[in-house]
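Here's the structure, in structure tokens; my notes come after.
Values in this text are rule-based calculations from the coordinates and carry no lab data. Being a predicted model, the structure only gives us computed values, none of them experimental. Quick reminder, even Gly has a Cβ in these numbers, built from the backbone with ideal geometry, and neighbours come from all protein chains shown.
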Amino acid sequence: MSDSRHWAWPLLIGVLAAIGILLAIADIAAGAKWPNPMSDALVGPGVVVKAGVPASATPGTQTVRFDRTGVGEKFVFDSPIGGFGPLNPYQAVRAFLSSGAGLALLALAGLVVFPARARSAVERLEDRHGTEIALGAGLVMVLLTLAAITLLRFTLVFLAVVPIVLFVALIAALFGIACISLAIGRLLRRRLRLPSVHPLIAALAGSLVVFDLAVIPYAGVFAFAAAAMAGLGLAVVTRFGSAAGWSFGDLNW
Amino acid sequence: MTASESNSLACSRVRVLLEPYSDGALAREDRQQYDALRAHLAGCSDCRLQHEQAISLPFRLRALSSPPPPDSLVAGVMRTIASTRLATRRAWTLLVPEAALATFILWYLSGLEGITSVASGIVGDLLGLAGWSSGSGSLPSIPHADVLLLLALIALTAIAGYHLSILIRLTPAGRTGSGARRAASE
């Protein structure tokens, strides 16, 4: 293996991280406006202070105990394009190190804890029409979950089940996103003809792709929703990556 | 001197004992008869031929009794070999009633405002339930739902469940297709 191929994976991960930070800067500048009103959830609120004006002097902002240095206030620049908020690279790095790292850690944890199930699910995803089926199943699952929750809302006894339903859906979506990350990593390896690498490294690159998609200005919310829905659908279709899949044979004896 | 004469066991008796001899049961249960049968086989070509046939795999497979097939065998095979085109079409067409029901429910609940109200109601009632369980409040009063709304929700749940079952059947479980081929090549 040549030296250049040896550095291919670290280089790819670095490029994906840099793209993520650049997209996060743009996403913060675009602000939490339609069609991405939830942009704050991933990249955090845009800081409205400008260089030279301390945050404490701006109404509505305050120094919190998790940010004692206030370095971010020194790295806020006016947007070159009118109608957009200030460019805040520090906030973007912070979003990458919190949301991006959190997403990558959860994805890697899912793969470490359930390797056999993840393999089964990724194989299903890589199969013919696997992505379309996972996406379709995710859409149907969202409808099913919303309908079930609304039904449960009108009963006092089963109202307490609602958080459990949401929790299971969240776990399923996270497991699915972990599998999608691994599938993306494997796809990158094949398409870019990268050398073989530890699957967790490939999954890390895949999770960075998911983060990059999620911080695309305006479209990020749709991309991340699609990834989460496909993850949910994949987890449901494969019964959390179970090798046997769905079978009612045991009920028919 | 014939083989039968050279051994204490008769050929007819040997044929009966060949099965436990081949299985190893005779060696465990009656060592003396086992030794006698071995000696007989060494000297009798007919019985040796019978023994070779008895221990051959095809012969033993033919001797196995076939278990009765399960009742669901034909249905299972037909389901497996059936074209997935019909299921794929059904998977797409089911989106229509789902979308119609979702739109109806959305309209019935006064749009996004109603959905938000349902969501905030769930959170409020859950908090009320938690407060009641800790003894700091009374049980929340659950609103009465319209029967038409409940029917629409149940219909949507049922259709979505059926839709999921079709999507699950679209790709067979196990390692098939390109994923398996790729895995095999790796």
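Over all pairs of different C-alpha atoms, the stretch A:85-152 has a mean inverse distance whose reciprocal, the Kirkwood radius, equals 15.3 Å. When you work out D = kT/(6 pi eta Rh) for the stretch B:73-172 at 4 °C and 1.567 mPa s, using the Kirkwood radius from C-alpha pairs as Rh and the Stokes-Einstein form, the result is 77 µm²/s.
Using the Cβ of A:L234 as centre and a radius below 12 Å, the other residues enclosed give a net charge of -1, where K and R count +1 and D and E count -1. Note on A:A219 and B:Y162: the model spin-label points, each 7 Å out from Cα along the C-beta direction, lie 3.7 nm apart. Per residue, the Cα convex hull of the stretch A:97-246 amounts to 131 Å³. Taking the three principal axes of the alpha carbon atoms in the stretch B:9-63, the coordinate ranges are 30, 24, 16 Å, sorted in descending order.
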